[in-house]
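The structure under discussion appears below in the form of structure tokens.
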Amino acid sequence: MIQRQGAGDIRRGRLIFCSSEVPHLCYTLSGGLMPAKNPRISTVVDPGLMKWLRTKAGQEGISVSLVVRDILMRMRTEEEEHYWATAGEERLRNFTPSEALNHDDVWTSP
């Protein structure tokens, strides 16, 4: 259950939001130093996904954040592979053998 009150804190499992009178200070975006070497992100997941992430982390013996990082890195790799495969297919479709340069044309100094 989420309640709005004037002071911001968590009481007995309920999230209490701060009123608009309390200024929000975001130290990580103000140019200050972060306490860690690598940048951090924050995300919201549903309880089922969090349960799966915790289970996977436990099976692999790593933290939940490392599981999420590994998934994101794998997804990035897949997107890059898809991009380059598409670009390569496009180049093959537009390839004209008569306009191609031969080995000597490319590697011989002018």
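The values are calculated or read from the model by the stated rules, or taken from the named source; none is laboratory data. Not measured: the values here are computed from a predicted model. When we count neighbours, we look across all protein chains shown, and the Cβ atoms used for this are built from the backbone with ideal geometry, even at glycine.
Within segment 56-78, being within 21 Å of Ala36 (Cβ to Cβ) and β-branched (Val, Ile, Thr) holds for Ile62, Val64, Val67, Val68, Ile71. Between residues in segment 67-91 that are assigned to a helix (DSSP H, G or I) and residues that are surrounded by 10 or more Cβ atoms within 10 Å (Cβ to Cβ), which pairs lie under 6 Å by C-beta distance while being six or more apart or on different chains? Listed by first residue and then by second, the contacts come to Val67/Leu53; Val67/Lys56; Val67/Ala57. When you go through Arg91, Arg14, Arg54 one by one, which is the residue that is surrounded by 10 or more Cβ atoms within 10 Å (Cβ to Cβ), among the charged types (D, E, K, R) and modelled with pLDDT under 95? Within the list Arg91, Arg14, Arg54, the selection yields Arg14.
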